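Just so it is clear, none of the values below were taken in a lab; they were calculated from the coordinates. As the structure is a prediction and not an experimental result, all values here were calculated from the model. When we count neighbours, we look across all protein chains shown, and the Cβ atoms used for this are built from the backbone with ideal geometry, even at glycine.
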Amino acid sequence: MTAMALSTLYLTVLLLSLGSGALPDVPSSGWCSPGHNGPPGRDGRDGKDGRNGDAGLKGDRGEPGEPVPGPPGKVGPAGPSGLKGEKGEVGQPGPVATDPLTKSLLADVHRITSRLSVLEKAVSFRVVRKVGEKYYVTDGFVDTFDAGLKFCRDAGGDIVLPKSEEENQAVLEILTPRVLYGWIRATDRKTEGIFLDTDDSPLTFTKWKPGEPNDADGNEDCVVIYSSHKMWNDLGCDSKCLVACEIIP
Ligand SMILES: [Ca+2]
Ligand SMILES: [Ca+2]
């Protein structure tokens, strides 16, 4: 059979097959067959960020907080002074010092305090003359001898009793020109004719006017100094004469 005859035969068979609705089986060789599935592909890129969401709803009102005290404020200005309190009672005496140095210091303090107190009294008089360690003072007080003694002792001193010419002159300086007489601390009331200091000690200096003491009328037992002739005389103790005191700190 020729090639032409074979082709014609094949076409005829094919047409017959088509007419019967069946295709001839395709030979397995010489045609494509289905492949196996490949490995999964790589992950893709991340997508773009989405837009911001809408604002949420307003929250509920919170509970009130716990009270916390703040820091203290500045100190205010001082108030007005209060009324003066009453004077307190005198305290009990302190313990007695035992060591020698303390005792010595306390004695010095006591001595200085006493001296200062006496000096304060001396300079409180209107007229003051200092002679050596003595202060001759007067306020112009005029009275009897005994009143003069009390006055001067209350002031921490005694009636003047000059024991030298210098002291006699100082007494005259506070006497003149105030009064004619000034009391001198000497009497013979214990023994007539014997003039002594008021502590009964003998006089170590006198300045009698000639003819004195004369105990005139038997009643002159106290001594005065005359401002006019600067000498002494005995006179009645109840006479009124200037009282000048001597104060020795
Ligand atoms: Ca006399
Ligand atoms: Ca006389």
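Quick look at the numbers
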| read-out | value |
| --- | --- |
| Breaking point among (1) more than 16 Å from ligand 1 (Cβ to nearest atom); (2) in contact (Cβ under 8 Å) with a residue 12 or more places away in the chain; (3) not aromatic (Phe, Trp, Tyr), for Thr187 | (1) |
| The one condition in (1) in contact with a helix residue (DSSP H, G or I) (Cβ under 8 Å, 6 or more places away or on another chain); (2) over 27 Å from Ser117 (Cα atoms) that Leu196 fails to fulfil | (1) |
| Per-region count, segment 239-248, residues of a type in the set (A, V, I, L, M) and either in a strand (DSSP E or B) or within 11 Å of ligand 2 (Cβ to nearest atom) (or both) | 2 |
| Residues within segment 203-220 that are within 16 Å of ligand 2 (Cβ to nearest atom) and touching a Pro at 6+ places or on another chain (Cβ under 9 Å), tallied | 2 |
| Test for Leu180: is it more than 14 Å from ligand 1 (Cβ to nearest atom) and more than 16 Å from Cys245 (Cβ to Cβ) | yes |
| Qualifying residue in segment 225-237 (condition: free of Cβ contacts under 8 Å to residues at least 24 places away in the same chain and within 13 Å of ligand 1 (Cβ to nearest atom)) | yes |
| Residue count for segment 206-216, restricted to those that are more than 10 Å from ligand 1 (Cβ to nearest atom) and out of contact with any helix residue (DSSP H, G or I) (no Cβ under 9 Å at 6 or more places or on another chain) | 6 |
| Within segment 190-205, tally of residues that are more than 10 Å from ligand 1 (Cβ to nearest atom), within 19 Å of Ser239 (Cα to Cα) and touching a residue at least 24 places away in the same chain (Cβ under 8 Å) | 2 |
| Which numbered condition Val128 fails, given (1) more than 25 Å from Ser239 (Cα to Cα); (2) β-branched (Val, Ile, Thr); (3) in contact with a Phe, Trp or Tyr (Cβ under 9 Å, 6 or more places away or on another chain) | (1) |
| Filter result for Asp146 (under 16 Å from Val243 (Cα atoms), free of Cβ contacts under 8 Å to residues at least 60 places away in the same chain, surrounded by fewer than 17 Cβ atoms within 10 Å (Cβ to Cβ) and of a type in the set (Asp, Glu)) | no |
| Residue, farthest from ligand 2 (Cβ to nearest atom), within segment 221-238, restricted to residues that are more than 60 Å from the chain's Cα centre (by Cα) and in a loop (DSSP other than H, G, I, E, B) | His229 |
| When residues of segment 162-202 are limited to those that are within 16 Å of ligand 2 (Cβ to nearest atom) and in a loop (DSSP other than H, G, I, E, B), the one surrounded by the most Cβ atoms within 10 Å (Cβ to Cβ) | Phe195 |
